[in-house]
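Asker: Pasting a structure here, questions to come.
Values in this text are rule-based calculations from the coordinates and carry no lab data. Just so it is clear, the model here is predicted, and its values are computed rather than measured. So basically every Cβ, Gly included, is an ideal-geometry build from the backbone, and we count neighbours across all protein chains shown.
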């Protein structure tokens, strides 16, 4: 059993087993319920955003502040020594001496891992390029469990860009801990990569692949949407042809079941129409708000201030 | 009576009546006198500056911090998700879940109003384009009342760009609550717009318009200066011709009365000469410093932590 | 005796005498040992970085936060009113009303001095162009004294760009308070300027100048390295010829003594090879970390909250 989170970095979903994920979810629920208070008091967290991200940065910062902790850092590498040619490792070796934990986002895959090797304090990966963004997955899973309890036996649809979308890949790994059924809905250009579907086969996770959102969507417990970016298509005409099929609006949500929750990692552009926001099943803002207790719980665990 | 500020957004001077303004001024004076302390403890305020503004942002941030609160946000949209094409409404719907109040500046008129409709926490408008900047007006009125008590019977000169200057328009609305006399001093290209002078007529506020600062300035209680920007003139020669007439320096302030206080919203460029700063009547820095207690009082009222 | 730091600005090493430096070092050691805690509580410090500097800014910010204080400011002039043409003096006259102390970096020499004249609170210079950066020197001296006690009788090598390097000039002034021996190691294009060597002569400080790191390095107590920038050379070929001679790597450090500590103000680019980092004598990250207690002590002294 490796339930001791204290001192650990969180870089990738692959560093974690099911028991640990469930433990983190349990602690997150306790934090959200107000069972732990002020547990980051006298702790200082550096938020190093070499690449900008309002949502994630602000969520981490408010998470720390609301538990009584201190936060400092930068919101883009434009205002950092990186400009003077300093290596990432040197930046981290310096800042590790200024704080109790580091939260970082970087555009290069593997940057967070390298940072965690240079740091003497825990490093939380807040996104490294197209690679990993584990706390996004934590809050996704938390939101699902909060809505429907155990994920065993649930059917989850992932829709949109399943080829390049970092979020859906992380989420798939976490979901594979459970006895779920997955439905992949994407244009064929943007299908879930084979090494992920192979992975699901070895884990004996049931999945199917579809071109379109159709009547079978009524049986979904969750529909997790992601954006389809024009730049991903070789042929722009192809993009124009398919894009409408993956947009949720008042009409297309009629395909969903009464208790099919609609999720999205945000920011969205036009893949979910604003008139869907008021639907009871649309929970993407609630999902975003869950980032606060989940990140608080994670920080409390790695700093050893919640048990 | 609408003296319950709790939960309310402050977007425009037009949302407010005289009684409310006086109540806010009273509370601001109490805060400045140290009567309320630490009243923002455990409160978290987001400062969302989609458009940069050091003075206003730092004034709000120190206001919150000095009352024990937490503050987080961004100082320009360059480091926000706005870059990814996210709508203002989505940004607000997310951040509203991270904080107890939102302070925002945006370059688009009406943005703050739209934000207040999307938010579930109070929104304070810290400037939306050429439109409104209510807390500037609050600190202007506070400074005037601090110097001379009630504004009834006072004569206030507004000088400079009265056509485009957002500050003077907001101030005019607030001053219209009192039995004041107004004197507008501007080049004719930059006169107070007619809908504002019509408004004053319906409110039966006495005003006169002048081309130049002259001997009549001796009777002013306050002279509120604003900058004249070259870009506002069709004919650059005309700008060169008139600009000197609206610059305050050692010589021109001899036209003012012994108790004519000189105010300015800052930042100034060259419309007030630095050698005026030491004059007893120059109170523009004191005015800026009053932004702290006034903003603290406003936040305390909308958060319900001062009564 | 001028040991009362309360209310004083720190702009230049020249404002200080030996007794004061030693007093600051003593207080820094006490702070590092945990003897003073929470002494910046209810204090608010503005960090005004008109020019970006991650390391220095973050070090100051964490210093304040970890002692319970508040911090606010900006990390580049891009997000400040400077863009609107406001003078430095006006910015300072405003912000001085928002805080208990100002920490500032500016690209113009003398800016910090001017700011300290406009401010009513203490100003700490965190670097003004090529001029002064006193807290860097404080942490350098602190690190030396922490490693070897009194500096009297010690031999210190300064290597690299001694002509333009602000850090070595400040350090030289501080070292001149002690009975040290100095060794300057640089290409002849980048020698220590004559007015500094003249200054050493009047202070009767022993020094010698060398072209290269050689066997005599074994007798050094400290080797303080700085970067050689290509732009400093008229002839790029000359840069290529000499640069290798001032790079520390596994091989060249064999010239150093067993207790010759290697220091560097950071950030480094390639003047110290990363494979030197694990050497016991490499203390540049430790040195950077000492910035926190030293800056805390300085702020506590000027704010009168440690005695």
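Asker: Taking each label point as 7 Å beyond Cα in the direction of the beta carbon, state the distances from residue A:286 to the same residue in the other copies, shortest first, in nm.
Answerer: Copy-to-copy label distances for residue A:286: 5.5, 5.5 nm.
Asker: Quick one: check the C-alpha center-to-center distance for region A:155-230 versus region C:94-141, whole angstrom.
Answerer: That distance is 55 Å.
Asker: What residue among A:184, A:285, A:39 shows peak mean-square fluctuation when chain A is described by a Gaussian network model with Cα springs under 10 Å?
Answerer: Result: A:285 has the largest fluctuation of those listed.
Asker: I'd like the mean, over residues of A:266-274, of how many other protein chain beta carbons sit within 10 Å of each residue's own Cβ.
Answerer: 4
Asker: Highest GNM mean-square fluctuation, chain C, Cα pairs closer than 10 Å: which of C:100, C:235, C:90?
Answerer: Highest fluctuation among the options: C:235.
Asker: Hey, what did chain A get for relative contact order, percent, Cα under 8 Å, at least 6 apart?
Answerer: 21 percent
Asker: On to the next question. Based on a Kirkwood Rh over C-alpha pairs, give the Stokes-Einstein translational diffusion coefficient of the protein assembly as shown at 20 °C and viscosity 1.002 mPa s in µm²/s.
Answerer: Translational D for this selection: 70 µm²/s.
Asker: Counting other C-beta atoms within 10 Å, which of C:108, A:124 has the fewest, and how do the rest follow?
Answerer: Ordered by Cβ neighbours within 10 Å, fewest first: C:108, A:124.
Asker: Please give the helix C:291-302 orientation as an angle from the longest Cα principal axis of chain C, in degrees from 0 to 90, rounded to the nearest 10.
Answerer: The helix C:291-302 is inclined about 40 degrees to chain C.
Asker: Suppose only helical runs count, i.e. DSSP H with n ≥ 4. What mean residue ellipticity at 222 nm does that imply for the protein assembly as shown under -39500 (n - 2.57) per run, divided by all residues and rounded to the nearest 500 deg cm²/dmol?
Answerer: Calculated mean residue ellipticity at 222 nm is -10000 deg cm²/dmol.
Asker: Moving on. If the elastic network links every pair of Cα atoms under 10 Å, which of A:120, A:167, A:202 fluctuates the most in the Gaussian network model of chain A?
Answerer: Comparing A:120, A:167, A:202 in the GNM, the peak value goes to A:202.
Asker: Ok, one more. Residue by residue through C:42-55, how many Cβ atoms from other chains fall within 10 Å of the Cβ on average?
Answerer: Across C:42-55, the average partner-chain Cβ count within 10 Å equals 4.
Asker: Okay, next question. Using only the alpha carbons, work out the radius of gyration and Dmax of region A:37-125 in angstrom.
Answerer: Both quantities, over Cα of region A:37-125: 12.5, 41 Å.
Asker: Nearest 10 degrees is fine. How inclined is helix C:54-66 to the longest principal axis of chain C, computing both from alpha carbons?
Answerer: Helix C:54-66 and the main axis of chain C meet at about 50 degrees.
Asker: So how far, in whole Å, is the C-alpha centre of region A:253-307 from the one of region C:291-307?
Answerer: Going from one Cα centre to the other spans 44 Å.
Asker: Ok, one more. Round to the nearest 0.05 the FRET efficiency obtained for residue B:199 and residue B:26 when R0 = 41 Å and r is the Cβ-Cβ distance.
Answerer: Calculated transfer efficiency: 0.95.
Asker: Return the distance in nm (one decimal) between the two label points of a simple spin-label model at residue C:230 and residue A:243, each offset 7 Å from Cα along Cα→Cβ.
Answerer: Taking the simple label geometry, residue C:230 and residue A:243 are separated by 4.2 nm.
Asker: Between residue A:258 and residue C:214, what is the label-to-label distance in nm when each label sits 7 Å out along the Cα-to-Cβ direction?
Answerer: If labels sit at residue A:258 and residue C:214, their model points lie 9.2 nm apart.
Asker: With labels modelled as points extended 7 Å from the Cα through the Cβ direction, what inter-label distance (nm, one decimal) is found for residue B:89 paired with residue C:17?
Answerer: 7.0 nm
Asker: Based on the Kirkwood radius over alpha-carbon pairs, what is the Stokes-Einstein translational diffusion coefficient of region B:135-288 at 37 °C with 0.692 mPa s viscosity, in µm²/s?
Answerer: My calculation gives 212 µm²/s for D.
Asker: Say a paramagnetic label sat at a point 7 Å from the Cα of residue A:179, along Cα to Cβ; which residues of region A:136-153 have their backbone N under 17 Å from it?
Answerer: A:149-153
Asker: Enter the mean number of other protein chain beta carbons within 10 Å of the beta carbon of each residue in C:289-296, as an integer.
Answerer: So the per-residue partner count for this stretch is 2.
Asker: Rule-of-thumb check for region C:55-177: C-alpha Rg over 2.2 N^0.38 Å?
Answerer: 1.21
Asker: Rounded to two decimals, what ratio of Rg to Rh does chain B give with C-alpha atoms and a Kirkwood Rh?
Answerer: Value, to two decimals: 0.97.
Asker: May I ask you to report, in nm to one decimal and beginning with the shortest, the distances from residue A:231 to the same position in the other copies, taking label points 7 Å along Cα-to-Cβ?
Answerer: The projected label point of residue A:231 is separated from its counterparts by 3.0, 3.0 nm.
Asker: Compute the long axis of helix C:134-148 from its Cα atoms, compare it with the longest principal axis of the Cα atoms of chain C, and write down the angle in degrees, 0 to 90, nearest 10.
Answerer: 60 degrees
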